[in-house]
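Accompanying notes for the structure given below.
The values are calculated or read from the model by the stated rules, or taken from the named source; none is laboratory data. Since this is a predicted model, take the numbers as computed values, not measurements. Cβ placement follows ideal geometry from the backbone for every residue including glycine, while neighbour counts extend to all protein chains displayed.
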Amino acid sequence: MKETKNTTWNQKIESMNSLKGIIRYIFKSAKKEQKKHQEILLDLSGLVYKKQKYTTLPNYMRSEINGYINANLDIMYQYLEFAHVYNGKHTVKLIYDENFSQNLITDSYYCYIGTTKKY
């Protein structure tokens, strides 16, 4: 596949729209497959940041792409909940009563809603 150098306005606009489509695909598949945050970042690195379509864009267009990525990362939190491992069990809500012990919390993390799969 021939890489673009983004020398004309039409090429720049086409590259930007193409990158936005790739970003939408990355986040759509991440939601569907419940990928970890690190996997999403690796996909973005390989399919967006290291491509000539991105590196040859002017800085203001790269900033728009970066803002688009950040917005999609923020939207991911709609599909996540904060959970804990308390006394060896996955729990979303801790009950702070007289039997509660902070020492029994072994892990806290974001996971996809309704699952134990870590984000």
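Take Ile65 and tell me if it is under 30 Å from Gln11 (Cβ atoms) and of a type in the set (Val, Ile, Thr). Against the criterion (under 30 Å from Gln11 (Cβ atoms) and of a type in the set (Val, Ile, Thr)), Ile65 qualifies. Restricting the range 2-26 to residues that are in a loop (DSSP other than H, G, I, E, B) and on the phi < 0 side of the Ramachandran plot, which is surrounded by the fewest Cβ atoms within 10 Å (Cβ to Cβ)? Residue satisfying both the conditions and the ranking: Lys2.
Answer yes or no as to whether Asp74 is charged (D, E, K, R) and surrounded by 15 or more Cβ atoms within 10 Å (Cβ to Cβ). Spelling it out, it is not the case that Asp74 is charged (D, E, K, R) and surrounded by 15 or more Cβ atoms within 10 Å (Cβ to Cβ).
Cβ separations smaller than 8 Å between residues 6+ apart or across chains give the following pairs from the range 11-35 residues that are over 13 Å from Leu73 (Cα atoms) and touching a residue at least 24 places away in the same chain (Cβ under 8 Å) to residues that are part of a helix (DSSP H, G or I) and of a type in the set (D, E, K, R): Ser15/Lys53; Met16/Glu64; Ser18/Lys53; Leu19/Lys53. Annotation: Ala83 fulfils all but one of (1) surrounded by 13 or more Cβ atoms within 10 Å (Cβ to Cβ); (2) within 29 Å of Glu3 (Cα to Cα); the unmet one is (2). For the range 70-79, the criterion of a residue being at pLDDT 95 or above, in contact with a strand residue (DSSP E or B) (Cβ under 7 Å, 6 or more places away or on another chain), of a type in the set (Gly, Ala, Ser) and under 27 Å from Phe27 (Cα atoms) is satisfied by no position. Screening the candidates Leu41, Leu94, Leu47, Leu104 for the property of being free of Cβ contacts under 8 Å to residues at least 40 places away in the same chain and under 13 Å from the mean Cα position of the chain (by Cα) yields one hit, Leu41. Selection within the range 27-55: residues that are touching a helix residue (DSSP H, G or I) at 6+ places or on another chain (Cβ under 8 Å) and part of a loop (DSSP other than H, G, I, E, B). The member of this set that is surrounded by the fewest Cβ atoms within 10 Å (Cβ to Cβ) is Lys51.
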